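Colleague: Here it is, the structure in full.
The values are calculated or read from the model by the stated rules, or taken from the named source; none is laboratory data. Small disclaimer: the values here were computed from a predicted structure and weren't measured. Every residue, glycine as well, gets a Cβ built from its backbone with ideal geometry; the counts of neighbours run over all protein chains shown. Areas reflect the complete protein model, heavy atoms only, side chains present, ligands, DNA and RNA absent. Shrake-Rupley method; radii C 1.70, N 1.55, O 1.52, S 1.80 Å.
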Amino acid sequence: MMRRKWQLLGSGLAGLLFVGAALAGYWVPLAQDNLHDPEGPAIGVLQEPAEALSRLPADTSGNQVNWVRALEEGVIHPRTNLRPETRVRIRETPVLMKNTGEMPMVLFPHRPHTLWLDCANCHEKYFVSKVGANPINMYKILQGEYCGRCHGAVAFPLTECNRCHSVPRKEARP
């Protein structure tokens, strides 16, 4: 129901501003976030999260920003690395991960990841580019390995199980 409400708002600037106004109360001011020193000189110079994030496409979890949509709509233009001559190679190939116990399987979408990350950001450092070479499990992910390098930190949180575990076992092809 909530997702449908956001879709009805459209992707226009007016829709973004309306969503931003609705969510502005979500983000804690820096002086109250228990991370920044409310008495420090930088507190008046730093941009408040509500000001920065409320203008971006809304999501229903994490920091309430749909970063992939923001990228695809051209709302943000992140640097992929420190070398401007490097061009990111967008990869469309999804990877089906079947070793998920009783949970639905994971269909890893390369596309949203490679829209702003080059393959070298993850391969061969965190993921080996060989089928079966990565002993991924939730314990390791929760410890900050594999997917946990970003999810739970800068990407949507690990509490959103169905965003990864999205393929019912009965839909698996041999």
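Every residue, every condition in (1) closer than 27 Å to Tyr26 by Cα; (2) within 15 Å of the chain's Cα centre (by Cα); (3) surrounded by 11 or more Cβ atoms within 10 Å (Cβ to Cβ), yes or no:
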{"site": "Val65", "(1), (2), (3)": "yes, yes, yes"}
{"site": "Arg83", "(1), (2), (3)": "no, no, no"}
{"site": "Gly101", "(1), (2), (3)": "no, no, no"}
{"site": "Val106", "(1), (2), (3)": "no, no, yes"}
{"site": "Pro109", "(1), (2), (3)": "no, yes, yes"}
{"site": "Trp116", "(1), (2), (3)": "yes, yes, yes"}
{"site": "Ala133", "(1), (2), (3)": "no, no, no"}
{"site": "Tyr139", "(1), (2), (3)": "no, no, no"}
{"site": "Tyr146", "(1), (2), (3)": "no, yes, yes"}
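Colleague: Output the number of the condition that Ala50 fails; it satisfies all remaining conditions of (1) open to solvent by 50 Å² or more (accessible area, probe 1.4 Å); (2) in contact (Cβ under 8 Å) with a residue 24 or more places away in the chain; (3) over 17 Å from the mean Cα position of the chain (by Cα); (4) more than 23 Å from Glu145 (Cα to Cα).
Modeller: Among (1) open to solvent by 50 Å² or more (accessible area, probe 1.4 Å); (2) in contact (Cβ under 8 Å) with a residue 24 or more places away in the chain; (3) over 17 Å from the mean Cα position of the chain (by Cα); (4) more than 23 Å from Glu145 (Cα to Cα), Ala50 violates only (1).
Colleague: Would you kindly identify the helices (runs of 4 or more DSSP H) lying entirely within segment 57-174 that contain at least 2 residues that are of a type in the set (Lys, Arg)?
Modeller: The helices (runs of 4 or more DSSP H) meeting that bar number zero.
Colleague: Look through Cys122, Cys161 and report the one residue that is surrounded by 15 or more Cβ atoms within 10 Å (Cβ to Cβ) and either outside the structural domain of Val65 (by TED's automatic domain parsing) or at pLDDT below 95 (or both). If you could, list the steps in order and put the result at the bottom.
Modeller: Values: Cys161 fails: surrounded by 15 or more Cβ atoms within 10 Å (Cβ to Cβ).
Just one listed residue meets the conditions, Cys122.
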